[in-house]
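Below is one structure, written out as structure tokens; the observations come after it.
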Amino acid sequence: MIVLAIVLLLAIFLLPNLWAKWVLARHARGRDEYPGTGGELADHLIRRLGLEGVRDEALAPGRQVDIRLAGRSVSGQVGEILHQVDVNSLERHPAEHLELNAIARCRVELTAEVALDDYGTSPGTGSFIVIDRLSNVTVGAGMIRGVADSGDRPAGEVDWAGFELELNALVRKYFPHWEARDLRELLK
């Protein structure tokens, strides 16, 4: 009876592990019927599954898209592709458009001002997705690595409204136990 219990426990703990290894080994090999790159695979699956209406278009500068950033959607476009990155060698190459699954550094232009951060500081407000305006399909994603100056004010200077500065001064004057800091000093 004890031997049967031990064999049963070993089977319960070892067989799932052996089965998982067998399944992974069986399906981890490359398959010749599927092409190598992501774009080629997408084209192959579109043809094989009869989804000719689905497109895997390249993302080119000037194409109007919606940018979804921190829960807000704003219109915009890829203004310029600075360089494309080869994922195998990490070399940078010039590019006029981005194919499916391409990685690149781009300048994105938005039609409205939005609050954002560098991805390293805050991934939530430092990342975005790119949505095609016509099909409403996600066509890309991005990480914010820097903000270009719009030309309206010097880079790094925040245009605080007078109300906010007055409110900050009143809070510091009448509620010193809150230990509120001066906005002008905080952002220097």
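The values are calculated or read from the model by the stated rules, or taken from the named source; none is laboratory data. What you see is a predicted model; the values in this text were computed from it and never measured. Here the Cβ positions follow ideal geometry from the backbone for every residue, glycine too, while neighbour counts run over all protein chains shown.
A few comments on the model shown:
- Residue match in segment 28-36 (condition: under 30 Å from L134 (Cβ atoms), among the acidic types (D, E), at pLDDT below 80 and not assigned by TED's automatic domain parsing to the domain that holds A104): no
- Number of the condition not met by G76 [criteria: (1) at pLDDT 70 or above; (2) outside the structural domain of G126 (by TED's automatic domain parsing)]: (2)
- Scanning segment 66-113 for residues that are without any contact (Cβ under 8 Å) to a residue 60 or more places away in the chain, β-branched (V, I, T) and surrounded by 14 or more Cβ atoms within 10 Å (Cβ to Cβ) gives V74, V78, I81, V85, V108.
- Matching residues, segment 58-90, being touching a strand residue (DSSP E or B) at 6+ places or on another chain (Cβ under 8 Å), charged (D, E, K, R) and in a strand (DSSP E or B): D66, R68, E80
- Top-ranked residue in segment 91-111 [being part of a loop (DSSP other than H, G, I, E, B) and at pLDDT 85 or above; ranked as nearest to Q64 (Cα to Cα)]: T111
- Pairs, first farther than 25 Å from R63 by Cβ in segment 115-134, second among the hydroxyl-bearing types (S, T, Y) and in a loop (DSSP other than H, G, I, E, B), C-beta under 7 Å, six or more apart: D117/T125
- Matching option when the condition is touching a helix residue (DSSP H, G or I) at 6+ places or on another chain (Cβ under 9 Å) and modelled with pLDDT of 80 or more, among D182, D117, D132: D182
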